[in-house]
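**Student:** Following this message is one structure expressed as structure tokens.
The values are calculated or read from the model by the stated rules, or taken from the named source; none is laboratory data. Everything numeric in this text was worked out from a predicted model, so none of it was measured. Positions of Cβ are backbone-derived with ideal geometry, glycine not excepted, and every protein chain shown enters the neighbour counts. Note: accessible area is taken over every heavy atom of the protein model, side chains too, but ligands, DNA and RNA are not part of it. Shrake-Rupley method; radii C 1.70, N 1.55, O 1.52, S 1.80 Å.
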Amino acid sequence: MFGIAWFAMMWFGLIMVALIAAVMVLLRRHHDAGDDHEAPPREQQSEARQEVIERVKGMHTAAEGLHGRARVKALRNYMDSMSDDLEPVSEIRAPGSGPPRGEWVIAPEAEPERRILYIHGGSWVAGSPKSHRAITDRLSQLAHACVFAVDYRLMPENRYLDGVIDCRQAYRWLLENGPDGEATADFLVVAGDSAGGSHALGLLAWIRDQGLQAPTAAIALSPSTELMVTSLGKRANLKSDVMLGPTVKKLARIPSPLLWWGTVLGMRVLPTNPIASPLRGKLHGLPPTLIHVSESEILLENAQRYAEKARAAGSPVELETWPDMVHVWHLFTPLLPEAEEAFEHIGEFLSRVEAGSA
């Protein structure tokens, strides 16, 4: 009986995927391409901001007209290329054979017993330790810590939960292993951005529930705190979010039932599950957590809701906002002065945590 039910559900799922694909094709035919990359008037932006916006547009252009695996490959290649001109201060070192996969980013003054687990963004389908070296290099410098950027498994070739498992495994490993081998950690931070910020926040609740040693602090940069599959067209900042806005506007044209089932089938997890939507989980007993988010991005409202709910549950969560910044503007250091300001704020936060005043 179970086998028959599963077979029926599988075919229903395939039909839903086909319908979604058909809807997307129709939308692309009728969609005004010029509307995909709306941005604030150029006269209101500095030259640095304009350059950043052009880079973000380049990400959309790189995948334009591509579908399926070809689109995913183009996005991954473009994100990795963002660090091609970077000259990191830190040493980039492989962790050795065996899991977890990733890379160590070690600034000259970093101490082996001080560690940061970094979880990169990229909508769970793109991004890598390489693409986010601008962030991990700065974190290692400001915290005098060895950063381990985990190379977790991505969709669609893997399940969403596989990436979650990799992050959990990496945290357990970092408790007892540094860049030079086995050694306990005196200082351990969990950090991530965007989709990786979602993994990071979800990881905090899992660590608490498992009774593991809690991290010293956590940092979430423009995190996804809830999978948005309803009322997408009514989300604030659709026009001002040049990174996520174009994609969300396309998704908003898909009927909600199709979008819901497409999300379930693609991610193989319910959008309401706290593993994918940390905002839906229990937020008590969390470590000191800092959230950065732009006032111009779609994820602002849910980040605010997460911080409010966590504080109401007694967890020390701080939220700091920046006006007129792109999603995860930290990636564009040192080009953007606001990115440097954000890293300075992160350093101040970590200093307060260690001093016991956060």
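**Student:** Give me the distance between the Cα centres of region 204-221 and region 330-358, rounded to whole Å.
**Tutor:** 20
**Student:** So which of 249/309; 130/239; 130/309; 57/239; 57/130; 239/282 end up more than 22 Å apart by C-alpha? Could you put the intermediate results ahead of the total?
**Tutor:** Numbers: 249/309 28 Å; 130/239 29 Å; 130/309 34 Å; 57/239 14 Å; 57/130 20 Å; 239/282 32 Å.
With Cα atoms farther than 22 Å apart: 249/309; 130/239; 130/309; 239/282.
**Student:** According to the square roots a ≥ b ≥ c of the eigenvalues of the Cα gyration tensor, what is the shape class of region 77-202, taking rounded for a/c under 1.5, prolate for a/b larger than b/c otherwise, and oblate for the remainder? Mind dumping the intermediate values first?
**Tutor:** Values: a/c = 1.75, a/b = 1.19, b/c = 1.47.
Since a/c reaches 1.5 but b/c is at least a/b, the shape of region 77-202 is classed as oblate.
**Student:** Sticking with this structure for a sec: Roughly speaking, what is the stretch gain from residue 214 to residue 268, that is 0.36 nm per residue apart minus the C-alpha to C-alpha distance, in nm to one decimal?
**Tutor:** On the way: separation 54, 0.36 × 54 = 19.44 nm, distance 2.85 nm.
Length gained, residue 214 through residue 268: 16.6 nm.
**Student:** Just how far, in whole angstrom, is region 242-269 from region 69-90 if you go by their alpha carbon centroids?
**Tutor:** 24
**Student:** Which peptide among 211-223, 323-335 comes first, and what is the full order, when sorted by highest mean count of other Cβ atoms within 10 Å? Don't skip to the end; give the middle numbers.
**Tutor:** On the way: 211-223: 22.5, 323-335: 20.8.
Ranked from most to least packed, the peptides come out as 211-223, 323-335.
**Student:** Quick one: Cα centre-to-centre distance for region 287-310 and region 144-182, in angstrom?
**Tutor:** Using only Cα atoms to place each centre, the spacing works out to 24 Å.
**Student:** May I ask you to derive the relative contact order of the chain, considering only C-alpha pairs under 8 Å and at least 6 residues apart, and to give it as an integer percent?
**Tutor:** Numbers: 653 pairs, mean separation 56.6, N = 358.
About 16 percent, as a whole number.
**Student:** Measuring with a 1.4 Å probe in the full set of protein chains, what accessible area per residue, in whole Å², belongs to the chain?
**Tutor:** Values: 16260 Å² over 358 residues.
In whole numbers, the chain has 45 Å² accessible per residue.
**Student:** Can you give me the long-range amide H partners of residue 116? Hydrogens built in the peptide plane at 1.01 Å from N, cutoff under 5 Å, separation of 5 or more residues or another chain.
**Tutor:** When sequence neighbours closer than 5 places are left aside, the close amide H contacts are 146, 147, 148, 189.
**Student:** Can you give the angle from 0 to 90° between the axis of helix 256-267 and the longest principal axis of the chain, with both taken from C-alpha atoms, to the nearest 10?
**Tutor:** 50
**Student:** Using alpha-carbon pairs under 8 Å, 6+ residues apart, how would you state the relative contact order of region 199-358 in percent? Don't skip to the answer; put the middle values down first.
**Tutor:** On the way: 247 pairs, mean separation 42.6, N = 160.
Computed over region 199-358, the figure is 27 percent.
**Student:** A follow-up question, please. If I stretch the segment between residue 54 and residue 157 completely, what's the gain in nm (0.36 nm per residue apart, minus their alpha carbon distance), one decimal? Can you show the working numbers first?
**Tutor:** Numbers: separation 103, 0.36 × 103 = 37.08 nm, distance 2.99 nm.
The residue 54-residue 157 span can extend by a further 34.1 nm.
**Student:** Continuing with the same structure: Roughly how many percent of the accessible protein surface of the chain is carbon and sulfur, given a 1.4 Å probe and a whole-percent answer? Walk me through the numbers on the way to the answer.
**Tutor:** Working: 9000 of 16260 Å².
Accessible surface attributable to carbon and sulfur in the chain totals 55 percent.
**Student:** Right, next: Can you divide the C-alpha Rg of region 170-289 by 2.2 N^0.38 Å and report the result to two decimal places?
**Tutor:** Working: Rg = 17.1 Å, N = 120, 2.2 N^0.38 = 13.6 Å.
In units of the 2.2 N^0.38 Å rule of thumb, it is 1.26.
**Student:** For a bin width of 20 Å, list the pair-distance distribution of the chain built from all Cα-Cα distances, rounded to whole %.
**Tutor:** Percent of pairs per bin, in order: 30, 59, 11, 0.
**Student:** Please find, in a Gaussian network model of the chain (springs between Cα atoms separated by less than 10 Å), the residue of 145, 312, 134 whose mean-square fluctuation is greatest.
**Tutor:** Highest fluctuation of the listed residues: 312.
**Student:** Figure the gain on full extension for residue 180 and residue 354 (residue separation times 0.36 nm, minus the Cα-Cα span) and round it to one decimal in nm. All intermediate terms of the calculation are to be shown ahead of the outcome.
**Tutor:** Values: separation 174, 0.36 × 174 = 62.64 nm, distance 2.38 nm.
Contour length minus the Cα-Cα distance gives 60.3 nm.
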